[in-house]
Structures are given as structure tokens and as C-alpha cells.
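The values are calculated or read from the model by the stated rules, or taken from the named source; none is laboratory data. It should be emphasised that the depicted structure is a prediction, and the values quoted were computed from it without experimental measurement. Because the Cβ atoms are built from the backbone with ideal geometry, glycine has one as well, and the counts that use them run over all protein chains shown. For the accessible areas, the whole protein counts, side chains as well, though only heavy atoms, and no ligand, DNA or RNA atoms are used. Shrake-Rupley method; radii C 1.70, N 1.55, O 1.52, S 1.80 Å.
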Amino acid sequence: MWGGRTGALLRASGWWPTGVLGRRLLNCNAASLAGSSSPRCWSCGGLGGPSRGDRFFCPHCRALQPPDPTRDYFSLMDCNRSFRVDTVKLQHRYQQLQRLVHPDFFSQRSQNEKDFSEKHSTIVNEAYKTLLAPLSRGLYLLKLHGVEIPEGTDYEMDSQFLTEIMEINEKLAEAQGETAMKEIESIVRDNFEKAKELLTKMRYFSNVEEKIKLKKIPL
């Protein structure tokens, strides 16, 4: 495409060194066009915003960028999308992120960065609390797979389960002494293990679901 007179003019002007094939220039143009879809920094307009890893800051001017709305809590906290979470690693990650984005470190920066740091810090706090507790972690996993259980509702719960919960609450209200409390605690722990088993099964079904989706994609 860039042969003949055009190529000669480019070589003569020094923009195209002798011996470089036309497709190399074309590839460079294509790469440039592909890179143009990267997020731009709100401050300097530079390409290559925080689209990978922990790049919360512009690589050119180091301005803090707005939170990525597509990033889920597991990705943000550097955890596998699974019910099993290393809580020690989660806590270290939380502390690492707060050292990066906490509003106290942006008191002398621009108003945009102050606002972004508030948003980042709020999201990091929420992600940490959600993934730390088994119940909220399990509910969040369900939400990521399109299944939401509205808080404070008895969504599709069978009457036997609801009766069991009411009985446990009644026992807790009437409990006197350590022995009674340990008995209730044991019942709850057993139920937690059952819930964990169900969430583990959900993960396997989720993997099968993803394979089904891939199978449906035409080759």
C-alpha cells in the first residue's frame, strides 16, 4: 500500500527508513488506533489510564484517576473469585490500597483528586467488609452471577427453614448460661457448613455455565 512514489517520499523525508516494509508502518498505525481506545487521563489527557493492575494513577502526570466501575471486589482486592478467601492476604491488600487512596493523603491535591480519593476509599472499605464476612461474600458471589437476594426479605425460603431460624432466635433470647449459648453456637456453625457446601456447589455449576456460554459462541 505504501510502495512506489508514496514510499519514496516517506524515505526521502526521513519518516520511513530504507528497508522498512510497508506493513510495519501499517502495523504501527493499527497499534496506535487500538491504543486510542484506552482511557485518557482527566488531568493531562494522556493515554494509558488505570486499566491494569494497581494503576490508580496516570502514568504520565501521576494524577489520581476515577474508580473503574467495571472492576468487581474480588479483582480490586486481588482475590480469586471464590468463596474461599485468604483473610490475612485480604487484610494486607486492604491496608495497601488505603495507603494509596486514603483522603488524608490528598488534602493538598486538586479537588478532583480529593473527590476521587473519597470514592476510592469508600469502595475499598465496602469491598473489604463484603469479602471478609462469609455471608456477605456468598451473597456477593451470587450477585455477580445475576442472583440477588433482597435484604430483609424471605426470598423463596421454604417454611421449614424459616421456622428453624425463628426457633434459633427464640432459644437465643431465652438462653441463660454458657452451656445454652454453646449449644446455639454449634447449631449455627453446622448451618454455616451447609451453606458453604451449597456455595461450593454453586461455583462448580458456575464453571459449567461459563463452558455452556463458550460453546454457544459461533466459531
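Evaluate E = 1/(1 + (r/R0)^6) for L142 and E167, where r is the Cβ-Cβ distance and R0 equals 35 Å; express this FRET efficiency to the nearest 0.05.
Computed FRET efficiency for L142 and E167: 0.85.
Within straight cross-link reach of K171, meaning Cα distance under 26 Å, which lysines are found once same-chain residues fewer than 8 apart are removed?
Partners found: K182, K194, K196.
What is region 49-146's relative contact order, in percent, from Cα pairs under 8 angstrom and six or more apart in sequence?
Relative contact order comes out at 27 percent.
Mind grabbing the accessible area of H145 for me, 1.4 Å probe, Å², rounded to tens?
In the full protein context, H145 sits at about 60 Å².
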